[in-house]
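Just so it is clear, none of the values below were taken in a lab; they were calculated from the coordinates. What you see is a predicted model; the values in this text were computed from it and never measured. When we count neighbours, we look across all protein chains shown, and the Cβ atoms used for this are built from the backbone with ideal geometry, even at glycine.
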């Protein structure tokens, strides 16, 4: 039986957005500057949040010990969403991505940087970030909170929320409405498939809209 995360992974962000809008909810869309390392990357699942901060006083050993501790905390079947409060360093690299993938983590979204991108792409581990840089976190950055709310752009993400990231962008689904939103989105996608067949069969676009109530 498909999990809620698996069902969400078969949806797409535009359909989720439409459903949340039509439900009177404010769709939680992350800034468009956060993109996948490659255009066809996608990831969906429940969120594990991380918040950290630059610390010029931290030594190399402590920073790496705390970073590897972050990797060890990440639960299988989840998507890590990281607010590093940092605009300089890479908050993901090749060895970290491989460790997370082997632990069963679905993917990684960061309001910050990434490095070793070619190697991460070869691994097939989904990473969404704002920029790339060779600068790492050693003796410069440390995590400070796990599974606590983080804010990216104007969206607050909480542990247990769901996230879907695809070619069009990243949308956050509140935990208490996830089942309903995903079920409604599945119904919308089924209707869109019927609408698509009608259009391909030569149906007038306006008549198709009036018949299916979607476009």
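For the chain, evaluate the Debye formula with one uniform point scatterer on each Cα (no solvent term) and list log10 I(q)/I(0) at q = 0.09, 0.11, 0.12 Å⁻¹, rounded to two decimals. Computed log10 I(q)/I(0) values: -0.39, -0.55, -0.64. For region 96-197, a/c is not less than 1.5, where a ≥ b ≥ c are the root eigenvalues of the C-alpha gyration tensor, and a/b tops b/c. That puts it in the prolate class. In terms of other Cβ atoms within 10 Å, 11, 129 run from fewest to most in the order 11, 129. With one equal scatterer per alpha carbon and no solvent term, the Debye-computed log10 I(q)/I(0) for region 140-202 at 0.22 1/Å reads -1.01. Comparing Cα centroids, region 144-175 and region 64-131 end up 15 angstrom apart.
At the listed q of 0.16, 0.21 Å⁻¹, the Debye profile of region 123-168, built from one uniform point per Cα, gives log10 I(q)/I(0) equal to -0.74, -1.17. Report, in degrees rounded to the nearest 10, the 0 to 90 angle that the Cα long axis of helix 13-22 makes with the longest principal axis of the chain. Once rounded, the angle reads 70 degrees. The protection proxy used here, the mean number of other Cβ atoms lying within 10 Å of each residue, ranks peptides 160-167, 15-22, 146-153 as follows, highest first: 160-167, 15-22, 146-153. Taking Cα atoms, how many degrees apart are the long axis of helix 178-200 and the longest axis of the chain, rounded to 10 and kept between 0 and 90? Approximately 50 degrees, to the nearest 10. Average projection, convex hull of the Cα set of region 1-124: 9.0 square nanometres. Counting 0.36 nm for each residue step from residue 209 to residue 151 and taking away their Cα separation leaves a gain of 17.1 nm.
Taking every DSSP helix (H) stretch of at least 4 residues in the chain, weighting each as -39,500 (n - 2.57) and dividing the sum by the residue count yields a mean residue ellipticity at 222 nm of -11000 deg cm²/dmol. Axis of helix 60-73 versus longest Cα principal axis of the chain: the two differ by about 30°, to the nearest ten degrees. Here the extension length gained between residue 133 and residue 33 equals 34.5 nm, from 0.36 nm per residue of separation less the Cα-Cα distance. Inter-label distance, residue 168 to residue 72: 4.1 nm, where each label sits 7 Å from its Cα along the C-beta direction.
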